[in-house]
1. Go ahead and run the numbers for FRET between Phe415 and Asn589, Cβ-Cβ distance against an R0 of 60 Å, rounding to 0.05.
2. Would you please give the residues with an amide H less than 5 Å from that of Trp345, counting only those at least 5 places away or on a separate chain, with H modeled from the backbone geometry?
3. Once every Cα of region 464-507 carries one equal point scatterer and solvent is ignored, give the base-10 log of I(q)/I(0) from the Debye formula at q = 0.21, 0.29 Å⁻¹, two decimals.
4. Describe numerically, in nm with one decimal, the distance between label points set 7 Å from Cα along Cα→Cβ at Val311 and at Asp242.
5. Starting with the highest mean, order 887-893, 561-567 by the number of other Cβ atoms within 10 Å, averaged over the residues of each peptide.
6. Under 20 °C and 1.002 mPa s, how fast does region 55-127 diffuse according to Stokes-Einstein, given a Kirkwood radius computed over C-alpha pairs? Answer in µm²/s, whole number.
7. Between Tyr595 and residues 5 or more places away or on another chain, which pairs have amide H atoms under 5 Å apart, with H built 1.01 Å from N, and which residues are they?
8. Count the net charge of all other residues whose Cβ sits under 13 Å from the Cβ of Leu917, scoring Lys and Arg as +1 and Asp and Glu as -1.
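Values quoted throughout were computed directly from the atomic coordinates according to the rules given, and no laboratory measurement underlies them. Note that this is a predicted model, so its numbers are computed, not measured. Cβ coordinates were reconstructed from backbone atoms using ideal geometry, including for glycine residues, and neighbour counts include every protein chain displayed.
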Amino acid sequence: MLGILLRFREHEVAIVGDIKDMFLRVKILPTDQDALRFLWRENSNKPVKTYKMTSLIFGASCAPFVAQFIKNKNAKRYDSTKPDAVQAIHKQHYMDDYIDSQPSENTCIKLANDITYIHKQGGFEIRNWLSNSANVLNCLPEESLAPAAATVKLGTRHEGERALGIIWNPNEDSLGFVTTFKRIPQEIINGTKCPTKRDLLKVIMSLFDIYGFLSPFTINGKILLQETWKSNIDWDENITEDIRVKWIKWLKLLTTINNIRIPRCYRRVNESALRNTVLSDNRDDKQLDNNNQIRVCFLASKCRVSPVKRVTVPRLELQAAIMAARLANTLQSAHRIKTTDRYFWCDSTTVLHWIRNNTRYYKPYVAHRLGELDELTRVKEWRYVPTAMNVADMATRENFDDLNLEGEWFNGPSFLYAMESSWPTSSCIPNAVECDLEYVTNIIHENHLPECAATPDPTRFSSWIRLLRSTATMLKFIKKCQKTIIDDCTAMQLAEILLIRNSQVMSFNVDIQLLKKCKDLEKNSKLLTLTPFLDEQGVLRVGGRIDVTADVYDMKHPVILDGRSQVAKLIVTHYHVKAGHGHQEMVVNNLKQKYWLIRLRPTVKEVVRKCMMCRLRKVKPQMPKMGDLPAGRVAHFRRPFTHCGVDLFGPIDITVGRRKEKRYGVLFTCLTVRAIHLETVSSLSSDSLIMALRRMASRRGWPSHLYSDNGTNLKGADAELRKAVAELDEQKLQRAVSIQGTRWTFIPPASPHWGGAWERLIRSVKVALKVILKERAPREETLNTLLAEVEAIVNGRPLSHVSVDTPNHFLLGSPSTLPQTGRFDDSDLFCRRQWRIAQRLTDMFWRRWVNEVLPELIPRKKWAENKQASLQVGDLVFIVDPNAPRNVWPRGIIEEVFPGKDGRVRVVQVKTQLGSLKRSVARVAKIPLE
């Protein structure tokens, strides 16, 4: 759009037009019309009808592209016969609007007729022709002219027509602005109502200024909007009072915009030379030379608000220079007429130094922008202009009060009207392109302790060896500059002494100064009991009560360090790694051979606590607080095996004839009364498990809820059981059995503690089976008898420490299919109706269960702490495998968490290299990263 509007100002004769119903002129192929179907009915009583669009519609996102493609494809057919018209259709059409300027009336008339003919051959009708020349309008058909064409022919005044958002007055051939805010309340425009940040944005963005004529005005509105962002005002919150005062002042300038008139054409036919003059901060002028008469025209400007984050002034000036170069490149590529010379004016000597300097040792921000300036401009095109003469600076002033048409903003700076020899120059900027600048870097090390030498900062290192090598490399460079050569071993020794001495000065400067003056230490000194002294190298050592011996000098007189210093921590870390991340006392003993650390053990503990390797070796799963019991554990006054846990055990060898076969035991546990039921299966298949379940349900009643391990066979049984229940006849089901649909819940993989209710009874069954089983491989009939005896033994155990009730009391108290028919009391025990006596006995057992067993389930016997933080999505974890070494535990990232009823995360989904695994929190250990 900018290129079309720029070419609209090139020549004296301007012409505009538009295509009538452009989208509807493009027809759709019958095969593609189904893509634009829609349903329609006139009222709710009539049937819905299906319609298909046969033409392009405005609502389709592809419609603009398709219409442009068809328009250009139609014009391309006449590329050989009418090349100028085809080029105009391609370059000067913005959708259905045609905007162009030509150097003469005859050229304009011929071009308009050719464009009309080409469009007509494609089914398009171009109309609403309007021009600033009455002769052009007279040569066009009367029915194709715009209503404003009559005013041009008669020479009467007209308010103007819109040309791509710009107001163009063809009588005066000038461009202007009209401020119309149709969707904005008038009280906001009048300043009587305090606007919100949303209102500010609506008003500011409603000003369309593609040329940048109003940059000094619009920039102030953008600055006000930026101030609202800095003050953290919400969109629908009123602006502050200080911003409102500036806002009212800015609104007063709206009245002056309607009076602005700018000549549309900036070039005459007899003007030969044309120069492009760009001033940064940032705007663009055209200088035209007509028989040594200079005329300056405003072409375009570009202006931006500085970012909220603080940027230095030289960098802002450099950014303005980049904007100037980009704008000049855009203008030059968009115009059909080319300039002879280009001039870039900048009032920043720093930027001009950067541009003219060939030694480009700059930081990336400056270097990248200077590289772009080298691609878009040449060094000789850049000139200096004083700030007072730089009219582009008007667009960067915050307090701009008026837009004067006669001022320098629209007419250009005054020095451009003079000859080039009188243009401003600056003597402080070197003119030689080959100039080179010498860079001198002064490093000032601020230190209040004069004893400290310049060494690398220990806080930037995580390894004592790496710090030693860096310091040694620095010392070798210094010695080399001093014409002295030292080997690596000597450099490492000197580096260690230098680093230790600096650390001691930072920690014990007062004590060192007193020792140098041969004075006694202060009474509150930490080194008073150590009898410290300075050796010949200036290192502070422990004096003690042992005489100096050369071979054990370091052990008898260790170096004194403060454990809180970074050098001491790096040394402790080095010894800790050297000891293979071993025991703390080993590290303490090794350190004492050479160093005496103040706060030795606390420092070692701190290093071990922060050591990532040790933390990975010691990481353990953080068990969440024990959850509440499921409903099945406290479902009293319900028949046994209503809530049931299932598990398998074995294999058990049996004798069949002369061969041996395997049998597996299936344990069904009533979660409420802790009774068990044992069945045997010949294989771990889904069919065998389903048959065992049906045998148990035939004698104990069908359970309403099953819990089991996450075994493959149980998963299969669950799927087949659900499928079998879905295929049963409901009426036959009601007559035969009382199954209402069993819910089967699987515990997470590798989480046996979730099934502790039946896992503990598996152990009891195995203990009882070992006591009763005498033969190594009994016969199958013997095994069934033994399992029945084991079932009776386990069900005969007491339910609590003081209870005489056993699970058998509940199993033998009443039939599993009889519901509770009423309330019973002790008198029912003496009646002749035996069923009432049995029902009363069952009630008595349940009352004792509630009184004696239920209180035992209340306390949390382990995992009672609530300090553990829940695992979150994105945590890096180990998947704990108790049967595998720690170093082969797979790592993964938690991608989903499953909280329990209490909100604590108890199951997680972990993404590993082996795939996605679902595990309990008890089998997941979080890797500490902090």
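1. Here the calculated transfer efficiency is 0.10.
2. The answer is Val278, Leu279, Ser280, Arg383.
3. Computed log10 I(q)/I(0) values: -0.64, -0.98.
4. It works out to 2.4 nm between the two label points.
5. 561-567, 887-893
6. The diffusion coefficient I find is 167 µm²/s.
7. Val559
8. +2
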